[in-house]
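Student: I have a structure I would like to understand better, so I am pasting it below and will then ask my questions one at a time.
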Amino acid sequence: MEDLILAILVALALAAVRLKDLLGAAAVLGAYSLLMALLWCRMNALDVGFTEAAVGAGVSTVLLLAAVNRVGRREQGPGVSPLLKPALWRLAEHRAALAERPDRPLLSARTMALLVVGLTAAALLYGARDMPRIGDPAAPANRAGSVAQHYLRHAPADTGAANVVTPVLGDYRGYDTMGETIVIFTAALCVVLVLRQAGRWRGPKEAP
Amino acid sequence: MRSTDSLIVRYIARRSVPFIQLYALYVLGHGEDGPGGGFQGGVIFASSFVLLGLANGWGYGRRAAPARLLDPLLPLGCLIYLGIGLAALLAGGAFLEYGALAGSDDPEVRRHWHHYGLIGIEVGVMVTVSAAMATLFFEMARPARVQARVDRVGEEADRA
């Protein structure tokens, strides 16, 4: 089941990158987040899945739609066709045109990007081999004496909350949650400052 | 964003708002017993205004959640969180030690106040998150016509 979801996620990510229609790309990213939420739920991370569904699939998609509404629906510049064959054709043309220029760099920007992405992916795949299986009792996070075990054992008695996630966020990691709240406040503040001309706009009174 | 032409969509969107908001409060209140909490509840609460804005037009949604209401709510949530932390400090405990709010050493009373403190900070998170999400949407989705007027007001103020 996880493999199927992961395969669909990869396909959706490729589609989001290749789509020229930004509205469609935003919708694809929404579907991506919803599948991600499903994946979190399969891992028993219900709170994360809930947040992913509400923020990733819900509000983020709407914010992307709002941005598309401002910048226009079609992507500008030399395009990448969703079909592989025309894309390869255009890539060959691009390389041929580049090869004729006298000041051509040793590696084109695309080759460099491919190299960086390939190396990063190789490093991540190499690191992923050492990841413990989900729920593995021998994993460092689950060993006796680890902080996770302490939370699981003591949270109900310490706080009286049945869902351990909430005391972790609100009690044991209360400072972090306060910082997160301030980060969200700051993000909204910045958007207001940029898009509302430093507060000179007096609210929606003049709005239609 | 313009309102949709469909009367049905506009009507259903308007009528859904109280149910979405009630569900958001449920998510907030049950964060201790199940998945959810202030953050998720805040996002869901804000989505009710986003739905109004999408279905009934930007101006309709903005009138339901005007800037003069949302702007003070943005820092208010942070201040609620900070205030509860400082209140615990003043009551003789550590910063954000909710049990100290009880002002007594009875473990039963401390446990109750611990609940109140935890719910209190969740309310703070929800206030800031819901106001922030709605503000992000309404600032970004502002129609070009209105945005042009905003820019003109700003430029005139810059010249003055």
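None of the figures in this text is laboratory data; all of them are computed from the coordinates on show. Predicted model only: the values in this text are computed from it and were never measured. Using ideal geometry, Cβ is built from the backbone for each residue, glycine included, and neighbour counts are taken over all protein chains shown.
Student: When Cβ neighbours within 10 Å are restricted to other protein chains, what is their mean count per residue of peptide A:167-176? Don't jump to the answer; show the numbers that get you there.
Tutor: Working: counts 3, 0, 8, 15, 8, 0, 0, 12, 3, 0.
Across A:167-176, the average partner-chain Cβ count within 10 Å equals 5.
Student: Okay, moving on. Over the alpha carbons of the stretch A:1-50, what is the largest minus smallest coordinate on each principal axis, giving the biggest first in Å?
Tutor: The principal-axis extents, from largest down, are 36, 21, 10 Å.
Student: Two decimals is fine: what's Rg over Rh for the stretch B:7-143, C-alpha atoms, Kirkwood radius as Rh? Could you put the intermediate results ahead of the total?
Tutor: Details: Rg = 17.7 Å, Rh = 16.1 Å.
On the Cα set of the stretch B:7-143, Rg over Rh gives 1.10.
Student: Here is a further query. Could you work out the Rg to Rh ratio of the protein assembly as shown, with Rh taken as the Kirkwood radius (inverse of the mean 1/r over all Cα pairs)?
Tutor: Numbers: Rg = 24.8 Å, Rh = 23.9 Å.
My calculation of the ratio gives 1.03.
Student: Among B:31, B:52, B:124, which residue has its Cα positioned farthest towards the positive end of the charge dipole of the protein assembly as shown, with +1 placed on the Cβ of Lys and Arg, -1 on the Cβ of Asp and Glu, and the dipole taken about the Cα centre?
Tutor: Going by the charge dipole, the pick is B:52.
Student: Which three extents, in angstrom, do the Cα atoms of chain A have along their principal axes, listed largest first?
Tutor: Principal-axis extents of the Cα atoms in chain A, largest first: 72, 58, 33 Å.
Student: Just name one of A:5, A:63, A:43: the one whose Cα is farthest towards the positive end of the charge dipole of the stretch A:1-75 (beta-carbon charges, Lys/Arg +1, Asp/Glu -1).
Tutor: A:63
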